[in-house]
Amino acid sequence: MRRVYNFSSGPAMLPEAVLEKIQNELLDWQGSGMSVMEMSHRGEDFTGIAERAELTLRRILSIPSEYKILFLQGGASAQFSMVPMNLLCGGSADYIDTGIWSKKAIAEASRYGQVRLAGSGKRYDFNRIPMPEALDLDPEAAYVHYTPNETIGGVEFSYIPDTGAVPLVADMSSNILSRPLDVSRFGLIYAGAQKNIGPAGLTLVIIREDLLSEPTPGTPTIFDYRVHAENASMYNTPPTFAWYIAGEVFSWIEQEGGVDVIGERNRRKANKLYDLIDQYSFYQAPVAPDSRSWMNVTFKLADANLDASFLKGAESVGLKNLQGHRTVGGMRASLYNAMPESGVDVLIDYMREFERKLG
Ligand SMILES: *Cc1c(COP(=O)(O)O)cnc(C)c1O
């Protein structure tokens, strides 16, 4: 067996220790005689797994008790609709547009009410996050929505927008658990699991209890946050195996020393890669230094004709999935929590060597 360094933007790497634990428990989970995949979601074994996952997450992110944690399906994309269905109800919401994912959220919300653009990275060609002074917030808005980390462009907020009494909603699909977070600043946080939490198929929602209210008339039961909160995310069959793996990832984070330690490691990983890129004119980082993502490092080769051989050479030394998103081209190295620091070191060595030969 040979494991590679997988720089995919998602689904992405999982910690090896977690994969091994799951493998060990695959046929017989802790003497139950069955796989977690085969368990009833209402049985004692699985409800224990589910509760422990929630408690571990609550501990590692210090989530206050007035927040409900929901384990849902449909990906972050379903949340683009579920948020306005439940929180907008014909009113007006502020959205900050920082790239491809915020645009998708805006397009969905526009179907349920009025969307005001409260800020945009457009004048920076989406290579920079608008600074706090540039935000134009409506104090009457139902909520403010933003994308703290734009996975495709590789831009990340270095600050949390101050929205006063207006609830702040964040799509943290690609940077949740990447560093410490003050959850009390948010009304609602959502994240697809497949980047920093676990396998695809699970979507995490952290919602302040006072936001659980009557959704837009006609909202299907399955899209009503209250129904999931009242039923401990078991109104229907949840993605049990993904939930179990998420719980193992939360425990791994705790064993590693928590989000403080993980955050420091992520800062180091990203900084050393950006330093390397800035060091050579052969490589270029399109994103402004104050907006660079720790999770998705985008860069270009000065000569795009070398892209194919860069990728081919990288693959041959076990560095996989470095090609940028098809809409932006160039390269992207996703450095989620499970990417070991050694993976970044091997990538840096490879990039130095490639520059030395072809630069
Ligand atoms: C990946 C991603 C999405 C889409 O997630 P799905 O689970 O595929 O719906 C949305 N927002 C951000 C920021 C993402 O990184």
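Accessible area per residue was computed with a 1.4 Å probe on protein heavy atoms; Glu51 scores about 120 Å².
From largest accessible area down, sort Ser291, Ser281; use a 1.4 Å probe on the protein chains. Mind dumping the intermediate values first?
On the way: Ser291 0, Ser281 100 Å².
Per-residue accessible area, sorted high to low, gives Ser281, Ser291.
With Cβ to Cβ distances under 10 Å as the rule, what net charge do the other residues near Val4 carry (K, R +1; D, E -1)? Charge balance near Val4 sits at +2.
Listed values for the range 228-241 are Karplus-derived 3J(HN,Hα) couplings in whole Hz (6.51 cos²θ - 1.76 cosθ + 1.60, θ = phi - 60°), namely 5, 5, 5, 9, 6, 6, 10, 4, 10, 5, x, x, 4, 5, and x replaces Gly and Pro.
Looking at the chain only, what percent of DSSP beta bridges run antiparallel? Nearest 5 please. Write out the running numbers ahead of the final one.
On the way: 21 of 37 bridges.
Around 55 percent of the beta bridges assigned by DSSP in the chain are antiparallel ones.
P(r) of the range 204-359 in 5 Å steps, Cα pairs, percent per bin? Here the calculated profile for the range 204-359 is 1, 7, 14, 15, 13, 10, 10, 10, 8, 6, 4, 1, 0. Each of His325, Pro84, Pro161 was scored by the projection of its Cα onto the charge dipole of the chain, and the greatest displacement toward the positive side belongs to His325; charges sit on the C-beta of Lys, Arg, Asp and Glu.
The base-10 log of I(q)/I(0) for the range 1-80, evaluated at q = 0.13, 0.17 Å⁻¹, reads -0.64, -1.05 [Debye formula, identical scatterers on Cα atoms, solvent excluded].
Under unit Cβ charges (Lys, Arg +1; Asp, Glu -1), what dipole magnitude, rounded to 20 debye, does the range 217-352 have relative to its Cα centre?
On the way: 13 positive and 16 negative charges, 79 e Å.
Using only the charged Cβ atoms, the result is roughly 380 debye.
In this Cβ point-charge picture (+1 for Lys and Arg, -1 for Asp and Glu), the range 192-285 has a dipole of about 380 debye about its Cα centre.
To the nearest 20 Debye, how big is the dipole of the chain about its Cα centre, given +1 on the beta carbon of each Lys and Arg and -1 on that of each Asp and Glu?
On the way: 34 positive and 44 negative charges, 204 e Å.
Its charge dipole is roughly 980 debye.
One quarter of the surface of the convex hull around the alpha-carbon atoms of the chain equals 18.1 nm², the direction-averaged projected area.
Taking all protein chains together and a 1.4 Å probe, the residues Lys122, Lys320 rank Lys122, Lys320 from largest to smallest accessible area. Accessible surface of the chain, 1.4 Å probe: 49 percent of it comes from carbon and sulfur atoms.
Averaged per residue, what accessible area in Å² does the chain show with a 1.4 Å probe, protein chains only?
Averaged over the residues of the chain, the accessible area is 43 Å².
Kindly give the semi-axes, whole Å and largest first, of the ellipsoid equivalent to the range 48-142, taking each as the square root of 5 times a Cα gyration tensor eigenvalue. Mind dumping the intermediate values first?
Values: eigenvalues 165, 60, 40 Å².
Output for the range 48-142: semi-axes of 29, 17, 14 Å.
The values are calculated or read from the model by the stated rules, or taken from the named source; none is laboratory data. Because the structure is predicted, anything quoted here is derived from the model rather than measured. For neighbour counting, all protein chains shown are included, and Cβ atoms are generated from backbone atoms with ideal geometry for every residue, glycine included. Please note that ligands, DNA and RNA were not included when accessible areas were found on the heavy atoms of the full protein model with its side chains. Shrake-Rupley method; radii C 1.70, N 1.55, O 1.52, S 1.80 Å.
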